[in-house]
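Q: Below is the structure I would like to discuss, written out as structure tokens.
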Amino acid sequence: MMTIYPKLILDALATVRYPGTGKNLVEAGMVEDNIRIEGNKVSFSLIFEKPTDPFMKSVIKAAETAILTYVGEEVDIVGNISVKTVQQARPEVGKLLPQVKNIIAVSSGKGGVGKSTVAANLAVALARLGYKVGLLDADIFGPSMPKMFQVEDARPYAEMIDGRDMIIPIEKYGVKLLSIGFFVNPEQATLWRGGMASNALKQLIGDAAWGELDYFLIDLPPGTSDIHLTVVQTLAVTGAVVVSTPQQVALADARKGINMFTNDKVDVPILGLVENMAWFTPAELPQNRYYIFGKEGAKKLAEEMNVPLLGQIPIVQGICESGDAGKPIVLEDTISSQAFMNLAEELVRQTDKRNREKAPTRIVETHK
């Protein structure tokens, strides 16, 4: 008996074009991520703009044919594709996450600078300060939050809320967490087409019960990709935090990352830079600082680009060990945890400042 899994179905649906736009069904965001597979029986919903869509019947027929052609003739699909209209689907862009006060994108120009470690510890630090925090691991190429929070075996479930199937985030260390890694096999490399990855991400944002949050952190993939565009086009991002190490090569990429967010098309303010691996301090000599990757490179870049330096995080062996053990180092009492707590406090200050600048000024009339 053949094994059917969602990617085979999505690949088949990516061969079907919606006549109204010329885009394929996956790219057009018409496939709802509720593909159910029971043995050979496959069922899911297609999303159309209006219940009167003239192409509805022909598109459903084409989708059935594509699955039978590309996945296998034995697939039981005919009659199992249901229809939803946009009104029943997730809210439109800009209206997503109405109960979330601040949406923070955590980004880095290149991989290997500790962006995910910073995102995980920052989320836990904000929770320790008493804020309601959500963390979305949107790093489709290497989702690491399940390991960092020791929830690799977690499988989020869906619950019917207000007539919609909503994914319930995992909660750990006071943080609500969802990761692309919960939905893929951790042993296999994840190969995504752009449209599929963006759709999966939109579902983790818009079809999840995040509830009321003060801070919603999004751990983006390194570099620049269409995932970054999906996030800024789907959400009203409050601001971005860019993580770099002090080396010249990392700083060159951090500069590109800052430019990506501040260009006219994206227009997301930079809340600040984080200098990770700023220096090495051995546990037995806590006063000593060894500048392995160069001294204060990110601090200088922050001054040059006129963005705040949110914090400098030293290299301590425990940071990596804590991440691998699934307990972020900010939960311990070390110089690193203090650095992350200071970083969280500075982020709160910069976010508040940004929100004050953005708020419309009200003219108060004084009556004599």
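Q: Among the residues of segment 145-164, how many are over 20 Å from the mean Cα position of the chain (by Cα) and surrounded by fewer than 15 Cβ atoms within 10 Å (Cβ to Cβ)? Spell out how you get there, then give the answer.
A: Initially, segment 145-164 is screened for residues over 20 Å from the mean Cα position of the chain (by Cα), giving 159-164.
Subsequent filtering for residues that are surrounded by fewer than 15 Cβ atoms within 10 Å (Cβ to Cβ) retains 159-163.
Final tally of qualifying residues: 5.
Q: Return only the number of the condition from (1) touching an Asp or Glu at 6+ places or on another chain (Cβ under 6 Å); (2) modelled with pLDDT of 90 or more; (3) closer than 28 Å to G20 by Cα that V86 does not satisfy.
A: (2)
Q: Mind checking which residues of segment 32-52 are without any contact (Cβ under 8 Å) to a residue 12 or more places away in the chain and not hydroxyl-bearing (S, T, Y)?
A: Within segment 32-52, the first condition is being without any contact (Cβ under 8 Å) to a residue 12 or more places away in the chain, and the residues that meet it are 36, 38, 52.
Residues satisfying the conditions are R36, E38.
Q: Say we look at segment 252-279 and pick out the residues that are under 16 Å from P308 (Cβ atoms) and aliphatic (A, V, I, L, M); which of these is nearest to the chain's Cα centre (by Cα)? Can you show your working first?
A: Kept after step one, since they are under 16 Å from P308 (Cβ atoms), are these residues of segment 252-279: 254-255, 257-258, 261-262, 268-276, 278.
Filter once more, so that each one left must be aliphatic (A, V, I, L, M): 254, 258, 268, 270-271, 273-274, 278.
Values: A254: 19, I258: 18, V268: 15, I270: 17, L271: 17, L273: 19, V274: 18, A278: 25 Å.
Per the criteria, the residue is V268.
Q: To continue, here is another question. Just to verify a result, which residue in segment 221-252, among those that are more than 30 Å from F280 (Cβ to Cβ) and part of a loop (DSSP other than H, G, I, E, B), is modelled with the lowest pLDDT?
A: Across segment 221-252, the extreme among qualifying residues is S225.
Q: Scan segment 278-298 for residues that are small (G, A, S) and assigned to a loop (DSSP other than H, G, I, E, B) and jot them down. Let's see the steps before the verdict.
A: Keep residues of segment 278-298 that are small (G, A, S), which gives 278, 283, 294, 297-298.
Selection gives A283, G294.
Q: Now for a separate question. Would you point out which residue out of K50, K57 is of a type outside the set (S, T, N, Q), within 30 Å of the chain's Cα centre (by Cα) and outside the structural domain of M196 (by TED's automatic domain parsing)?
A: On the way: K57 fails: within 30 Å of the chain's Cα centre (by Cα).
Selected residue: K50, the only one of K50, K57 that is of a type outside the set (S, T, N, Q), within 30 Å of the chain's Cα centre (by Cα) and outside the structural domain of M196 (by TED's automatic domain parsing).
Q: Another question, then. Taking the condition of being surrounded by fewer than 14 Cβ atoms within 10 Å (Cβ to Cβ) and either assigned to a strand (DSSP E or B) or outside the structural domain of A339 (by TED's automatic domain parsing) (or both), how many residues in segment 129-144 meet it?
A: Residues flagged as surrounded by fewer than 14 Cβ atoms within 10 Å (Cβ to Cβ) and either assigned to a strand (DSSP E or B) or outside the structural domain of A339 (by TED's automatic domain parsing) (or both) within segment 129-144 amount to 0.
Q: While we're on this one: Given (1) modelled with pLDDT under 85; (2) surrounded by 15 or more Cβ atoms within 10 Å (Cβ to Cβ), identify the lone condition not met by V93.
A: Only one criterion in (1) modelled with pLDDT under 85; (2) surrounded by 15 or more Cβ atoms within 10 Å (Cβ to Cβ) is unmet by V93, namely (2).
Q: I need every pair where a residue in segment 271-290 that is of a type in the set (S, T, Y) has its Cβ under 9 Å from the Cβ of a residue that is assigned to a loop (DSSP other than H, G, I, E, B) and at pLDDT 75 or above, sequence separation at least 6 or different chains.
A: Every condition considered, the pairs that remain are T281/Q287; T281/N288; T281/R289; Y290/T281; Y290/P282.
Q: Of the numbered conditions (1) modelled with pLDDT of 75 or more; (2) more than 24 Å from A120 (Cα to Cα); (3) surrounded by 15 or more Cβ atoms within 10 Å (Cβ to Cβ), Q287 satisfies every one except a single condition; which is it?
A: (3)
The values are calculated or read from the model by the stated rules, or taken from the named source; none is laboratory data. Model, not experiment: these values are computed from the prediction. Cβ coordinates were reconstructed from backbone atoms using ideal geometry, including for glycine residues, and neighbour counts include every protein chain displayed.
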